[in-house]
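Structure record follows, encoded as structure tokens.
Each reported figure results from applying straightforward, stated rules to the coordinates on display, with no laboratory input. The structure displayed is predicted, hence computed values, not measured ones. Using ideal geometry, Cβ is built from the backbone for each residue, glycine included, and neighbour counts are taken over all protein chains shown.
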């Protein structure tokens, strides 16, 4: 592990992309089953329409939710409530089922410790970490919260890795929401959801046994269940269920798009924000074919999910291992078109206006793949482009991105992969949403490397780097943030908080963020010197639109 300034790189690579590790932030304080929600001090009260009884009285730091009472801990100017289950543990017969309501509990639940990550491969050791009893969320509520807006975050990791309790190099939780809650005055919620083979596998047998007639999108259904929990309980924290910003990064951004287009999520959020992710879903046929491969790889008879449910979670997770690759293709563990959660190709749903119409923000980073692309020769660059895109399209890509036009062949491939997978995708999604709704759309472009980390400068503004600014964690790992770093972090938290509260990012003396227009492609550049401009890599994105409709 690198120390000092370079620890930020290790943090983002390991904790955000989960390429090097995954697991719990600290030893879980026992099973989360039997937990509930909590409340900010001063905003007590019970959860919405609770059918569960208890003799516990709400007080600062203790709240009674619709499942039962929980007590959190003080964290600065907030109350922090950790490992609060929003659904029953998906174990036994509930494996590969839609999330079910958690049982009631009467006694006060200790919500002072973070819980389990969902089962996944630790890429550093290739061992399975986590536990199926993982459907829990974490809440940070300002002590004076009163109908405060809610920032609801979905973590990334390729839908195969990561968690809301991801540990950093110094043992802290990267997605700890205290700083974000204190900076914005909003309630912050982070969630776990099922991953990989336990969260994104479709099969005709699973569809046949499902009450909903669908299979495959269990992780997305978990996210929807967590949003419902917020709708029913967040007032007890001092939050406002009518002002909820759904936002996610990487795979969390993709899942945000899925929920933006899912009828099951209608009315559960008031705004949506995607950080470095696309709007795609596998076909039902492809998803079911992969599900059949998984059953075979796990050693069970074809379609025998009684056998699959008898297997330990580790055996299921290890049956077919696919790790996230920022610069490569998606894994097979992804949302799919099931006709229930995902009713069609997400971009086609948006183009038809069938999505949930809310204020919408999308953005990307200038060197998304900068931290994963190794140095290469010009010959290696050309071979990599041909290997990725084929000979015919590869020749067109090389003509548009000649190595000689960039400082190094590596820089050329960073540009190719960042544009194709993230930057031009953001324009495509922003255009689609803006054309089919009257609610405002906004685009950002994050271009700021860490100012006091010159050794990281060649990596640029890489995938996930914006999150240390969003969550206010600039000092993690001993990095000494500059005044510019701190100012940018404060500005970004302000924009995100105002979008949650009002659906518009401007205010508090901030640089004005232009509303998106498909014709001119306006955006806000997030850097030390924040500025509005038009046209992000327009020529390159026109090229990608022409070759990949």
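Tabulated data
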item: Alpha-carbon centroids, the stretch 115-172 and the stretch 90-105: separation in whole Å; result: 19
item: Calculated [θ] (222 nm, deg cm²/dmol) that DSSP helices of n ≥ 4 give over the chain, each run adding -39,500 (n - 2.57); result: -8500 deg cm²/dmol
item: Residues residue 296 and residue 374, FRET efficiency given R0 of 35 Å [Cβ-Cβ distance, rounded to 0.05]; result: 0.50
item: Cα centroid separation - the stretch 498-546 against the stretch 349-409, whole Å; result: 20
item: Inter-probe distance in nm under a simple model that places probes 7 Å from Cα toward Cβ, at residue 386 and residue 53; result: 7.6
item: Kirkwood Rh in Å, taken over the stretch 277-348 so that all alpha-carbon pairs contribute; result: 13.7
item: Theoretical gain in end-to-end length, residue 329 to residue 147 [0.36 nm per residue, Cα-Cα removed]; result: 61.3 nm
item: Cα centroid separation - the stretch 230-289 against the stretch 64-80, whole Å; result: 24
item: At 0.692 mPa s and 37 °C, Stokes diffusion of the chain via Kirkwood alpha-carbon radius, µm² per second; result: 140
item: Nearest-0.05 FRET efficiency for residue 352 and residue 534, computed from C-beta distance (R0 41 Å); result: 0.90
item: Modelled FRET efficiency - R0 45 Å, residue 93 with residue 399, Cβ distances, 0.05 increments; result: 0.20
item: Share, in percent, of DSSP beta bridges within the chain that are antiparallel, nearest 5; result: 45
item: Rg/Rg_globular for the stretch 419-467, with Rg_globular taken as 2.2 N^0.38 Å and Rg from C-alpha atoms; result: 1.49
